[in-house]
Amino acid sequence: MPRKLKMRIAVVDDNPMNITVVREILKRAGYTNVLQAASGSELFSLLGLNRQGSEPEEAPGDDDHDIDLILLDMMMPGVDGITACAMIQESPRLRDIPIIMVTAIGDSKKLAEALDAGAIDYVTKPINRIELLARIRVALRLKEQKDWHKERDRRMREELQLAREVQLAALPQPVDDERIAIDAIFRPSEELSGDLYAWHRIDDNRYGVAVIDAMGHGISSSLACMFIASVLKEAMTKQSGAKRVIKELNRRSLQLQFADQLIQYYFTGLYMVVDLGAGTLEYVNAGHPPGMLIRSDGSIERFAQGGVAIGMFSEMPIEKHTLAIGPGDRIVLLTDGIYDLVGSDYAEDREASLTELLQPYGIHAPLQALEEALFSRAHTEELQSDDRCLVVVDLK
């Protein structure tokens, strides 16, 4: 007795005798869940489509009308097989159902049209039982593989969304104290980001603020970035000086070991300590884009360039810089994705353009106005290829 197979197969033919023959072949092979339709319109009804082949206003769920394979007669009155196949392919919900064309004609042009319309295979009439069952087995294996990949992709999307929420939750909340305000603009290029920002109140007068950019994008860089985030939080809590924090980040980054020795993750970063009591800003730039200080009078002072990226060398040269600051000043830190918003390919031009763009947005300009100025430009409509992060520190 043949083994019963659970796959649902739809047989579509305007000739009842052809349907009877195919059903009997399938039944003897163990395919007992066979549906039938005499026209393209009846097939659409089985699939939950309207008579025009499009989704109704309230489309059924993914589990409704779950047909695993369609045996579709090419020549039918009304909606022919090629047209029906093309309409099914237009439905995201149904386009992965394999379709085998059944035809009595040997016109290679028509067969090519059927395959172009989305059919994966064909059988000719009179139907050869062995050939039909072999092609069905291949088609159903393909369907199983597609279903497996769709389920895996669905789980991956859910996990990425969860990881994104965890990553966003790890970012600090804005600060709005009597003497200082700290906030950020953050737009990752993908579900997960390789950019990171953090700040920490060291004591009554001092705040530590950092911006980090991990090599690459996506899952690998975001995981490496989450590692550096935990290290950074600990370092900002235990180490008071800018040089000590960067040195600790470098030491811990070198602990990342990979089986493939060709893979080395590194990070650019800028860490600063804002001392409200002394009126100073101390910072270390580790291969990161320079920050900017928008003075209360509207003038701009740029941070120093250069430095070695974090995680590249065990003996890392670290240089500390100091700036005088006062009430009414705005400090801006950023990652290199912000440069894409000014539309220049040359480093000097990009820095000059960004400086010109930021100059009007001093401490009295709300962060929302600065964000609109950055992201409302015409060229930002192109595909975003990099994470974008900007941190603003206002001295009241």
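The values are calculated or read from the model by the stated rules, or taken from the named source; none is laboratory data. Model, not experiment: these values are computed from the prediction. Note that each Cβ is placed from the backbone with ideal geometry, even for glycine, and that neighbours are counted across all protein chains shown. Surface areas here come from the heavy atoms of the whole protein model, side chains and all, with no ligands, DNA or RNA. Shrake-Rupley method; radii C 1.70, N 1.55, O 1.52, S 1.80 Å.
Roughly how many Å² is the accessible area per residue of the chain, as a whole number, for a 1.4 Å probe? Numbers along the way, then the final one.
On the way: 20530 Å² over 396 residues.
Value returned for the chain: 52 Å² of accessible area per residue.
Could you rank the peptides 205-213, 107-115 by their average count of other C-beta atoms within 10 Å per residue, with the highest value first?
On the way: 205-213: 22.8, 107-115: 14.3.
Packing order, densest peptide first, comes out as 205-213, 107-115.
Among PHE186, ASN128, ILE338, which residue has its Cα furthest toward the positive end of the charge dipole of the chain, with +1 on Lys/Arg Cβ and -1 on Asp/Glu Cβ?
Value computed over the given set: ASN128.
With n ≥ 4 as the cut-off for DSSP H runs, can you work out [θ] at 222 nm for the chain, using -39500 (n - 2.57) per run divided by the number of residues, rounded to the nearest 500? If you can, show how the numbers build up before the last one.
Values: 9 runs with 135 residues, N = 396.
The helix-only estimate for the chain comes to -11000 deg cm²/dmol at 222 nm.
Evaluate the charge dipole of the chain about its Cα centre and quote only its size in Debye, nearest 20, assuming +1 on the Cβ of each Lys and Arg and -1 on the Cβ of each Asp and Glu.
Numbers: 44 positive and 62 negative charges, 371 e Å.
For this selection, approximately 1780 debye.
Would you kindly work out the equivalent ellipsoid of the stretch 121-187 from its C-alpha gyration tensor and give its semi-axes, the square roots of five times the eigenvalues, largest first in whole Å? If you can, show how the numbers build up before the last one.
Working: eigenvalues 689, 20, 4 Å².
Calculated on Cα positions only, the semi-axes equal 59, 10, 4 Å.
Which of these values of Cα extents along the principal axes in Å was calculated from the structure shown: (1) 67, 59, 37; (2) 186, 47, 34; (3) 94, 44, 37?
The listed entry that was calculated here is (3).
Over the chain, what percent of the accessible surface lies on carbon and sulfur atoms, probe 1.4 Å?
On the way: 10160 of 20530 Å².
It is 49 percent, rounded to a whole number.
Roughly how many nanometres apart are two label points built 7 Å out from the Cα toward the Cβ at ASP177 and SER108?
With each label point 7 Å from Cα toward Cβ, the separation is 8.0 nm.
Looking at the chain only, what percent of DSSP beta bridges run antiparallel? Nearest 5 please. Could you put the intermediate results ahead of the total?
Working: 50 of 67 bridges.
The antiparallel proportion sits near 75 percent.
On full extension of the chain, what length is gained from TRP148 through ASN15, given 0.36 nm per residue of separation minus the C-alpha to C-alpha distance? Let's see the in-between values first.
Details: separation 133, 0.36 × 133 = 47.88 nm, distance 3.49 nm.
Net length gain for the segment: 44.4 nm.
Using the Cα centre as the reference, give the magnitude of the dipole from point charges on the C-beta atoms of the stretch 204-254 (Lys, Arg: +1; Asp, Glu: -1; all else neutral), rounded to the nearest 20 debye.
Working: 8 positive and 4 negative charges, 50 e Å.
With Lys and Arg at +1 and Asp and Glu at -1, about 240 debye.
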